[in-house]
């Protein structure tokens, strides 16, 4: 009998299977709270609100041979943290402080921090997830590909330090490689551990072999303005906006005089998104479209609004975009901190229910200049364009495609996964009625199963255990390298996912 009743310290709550709060505790950090029942539920959920509580929990789990699944929340519908008997969920979502340090222009934030840009001065910006409620922990471990990526790069590349609790229970304070040389008290083994942990932070996803309790992040200067320009197309012409988006990402390559075209682009970076969605009723009456595709150009600019508008105008003329331009609203340009709310708020209606599945084309499969982009998208596009798709309501589904080439994605630091996304697809199901859950689960599962095997896929079945499918996140060589690094940090496999 494991003595959970002896596990006590300030900032630590223990919730076992005998506790009536258990089912809620297991699913509370996922976007979707009504997860199917699962035999993969852990023996307990330990909720820690400070670093000492995390240390106590880790020491307890090591003593009693429990596998540990740290969890902050967010994109947890595929539930890698559910490992069944002999495992513990260590919930660190409430370690969510955000502090801005003006002297160093850095942000100190807990792994559960969300809406970071609402908590720092407006003259600074951090490229957070496309949904502002995505917690920092898993977002950065997955490289950190989000809003403002085209201008600021991967969020993982902006991490300058961390506080972690190792499998041994040691609390380790780690600075980036620029600072390690100044720490003369460390021996070579400590340096190797620190370097390995920083490397694993950049793309090891759920395999990270420690609990992160604090990030130190470099704050970016906010752009002078963020200016969107959108074009709409009939759904049957869905390949056109994909082509334009791809051409925009390659605009300097396509220009006859690329040297002159780069002058404006030095300070105006374009983030390109393609959205498959139902046409709002007023726009449907005006255009006759029932379903449409939106090509959204988001200019992140260090120039003023006049110059930025001219760059967007010149760009659309040079690419010769044939869609219908949606007039800019009077409240533009957008303050950088409001971008996620403005852009994705229009896709996800307030108080609506929300499901999501996603796949990304990795750099071994897809090149932005390759026609393979259509091959990857076509199964989803055809499923979505069907008139008889069994989807309820006007907000039943949206397919979101992000086309972002290279830019400053790594800011000089190598990602452990080697994954540099130029292309990402997210399939959203947005609806208001709980009774439609099963329809939407099955819809997402069916559409994702049609995607080419070469893509990375996570699916959530309508019933039964939550599972992952599709290609593994790493090739064999990368996986072996990551495994060797993990064994250095966690030789007993305390954080090993079964």
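The values are calculated or read from the model by the stated rules, or taken from the named source; none is laboratory data. As the structure is a computational prediction, the values presented were derived from the model and not from experiment. Ideal geometry is used to build each Cβ from the backbone, glycine not excepted, and the neighbour counts take in all protein chains shown.
Scanning the range 276-291 for residues that are part of a strand (DSSP E or B) and out of contact with any helix residue (DSSP H, G or I) (no Cβ under 6 Å at 6 or more places or on another chain) returns 277, 278. Is it the case that the range 306-325 has a residue that's part of a loop (DSSP other than H, G, I, E, B) and more than 21 Å from residue 250 (Cβ to Cβ)? Within the range 306-325 (the criterion being part of a loop (DSSP other than H, G, I, E, B) and more than 21 Å from residue 250 (Cβ to Cβ)), the answer is no, since none of the residues qualifies. For the range 203-218, taking the residues that are modelled with pLDDT of 95 or more and surrounded by 22 or more Cβ atoms within 10 Å (Cβ to Cβ), the one that is nearest to residue 162 (Cα to Cα) is identified as 215. For the range 151-168, a residue qualifies if it is in a strand (DSSP E or B) and either over 17 Å from residue 417 (Cα atoms) or modelled with pLDDT under 90 (or both), and the qualifying residues are 160, 161, 162, 163, 164, 165. Would you call residue 144 crowded, with 19+ Cβ neighbours inside 10 Å, at positive phi, touching a strand residue (DSSP E or B) at 6+ places or on another chain (Cβ under 9 Å) and not in a strand (DSSP E or B)? Yes. Here is the figure for the range 288-324: residues that are more than 18 Å from residue 335 (Cα to Cα) and surrounded by 14 or more Cβ atoms within 10 Å (Cβ to Cβ) total 14. Kindly indicate whether residue 134 is in contact with a strand residue (DSSP E or B) (Cβ under 6 Å, 6 or more places away or on another chain) and either at pLDDT below 90 or in a helix (DSSP H, G or I) (or both). Taking the combined requirement at face value, the residue satisfies it.
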